[in-house]
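The values are calculated or read from the model by the stated rules, or taken from the named source; none is laboratory data. For clarity, every value in this text was computed on a predicted model and none was experimentally measured. For neighbour counting, all protein chains shown are included, and Cβ atoms are generated from backbone atoms with ideal geometry for every residue, glycine included.
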Amino acid sequence: MAIKSKVTKSTIEIDLTGPQGNVFFLIGTAKNLAKQLGLDGKEIQAKMMSGDYENAVNVFDENFGHFVTLYR
């Protein structure tokens, strides 16, 4: 038996081509992250919902890109 160190992730990773790429998942994640970071989640949510899917992804990335890695 081998004992290995646990590797911790420093960022959250979201695959936009999978179920996590659903706009409702992104909005929910944005709401949770905003709460944890002390940001205005309602304002971010409103901006995400003010356009199409690409707008939602861009707003998410602008606000949480330094914590979350999005993959296409």
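Remarks
- Of all residue pairs spaced 6 or more apart or on separate chains, those with beta-carbon atoms under 8 Å, a first member in region 25-40 that is free of Cβ contacts under 8 Å to residues at least 24 places away in the same chain and a second member that is assigned to a helix (DSSP H, G or I) and surrounded by fewer than 16 Cβ atoms within 10 Å (Cβ to Cβ) are Phe25/Pro19.
- Candidate set from region 46-72 (those that are more than 9 Å from the chain's Cα centre (by Cα) and aromatic (Phe, Trp, Tyr)); member that is nearest to Pro19 (Cα to Cα): Tyr71
- Identity of the residue in region 34-72, of a type in the set (Ser, Thr, Tyr) and surrounded by 13 or more Cβ atoms within 10 Å (Cβ to Cβ), that ends up nearest to Ile12 (Cα to Cα): Thr69
- If you go through region 59-72 and keep only what is in a helix (DSSP H, G or I) and touching a helix residue (DSSP H, G or I) at 6+ places or on another chain (Cβ under 9 Å), you end up with Val59, Phe60, Glu62, Asn63, Phe64.
- Cβ-Cβ under 6 Å pairs, at least 6 apart or on other chains, region 8-19 side under 14 Å from His66 (Cβ atoms) and part of a loop (DSSP other than H, G, I, E, B), far side at pLDDT 95 or above and aliphatic (A, V, I, L, M): none
- Residue within region 45-54 that is touching a Gly at 6+ places or on another chain (Cβ under 7 Å) and hydrophobic (A, V, I, L, M, F, W, C) present: no
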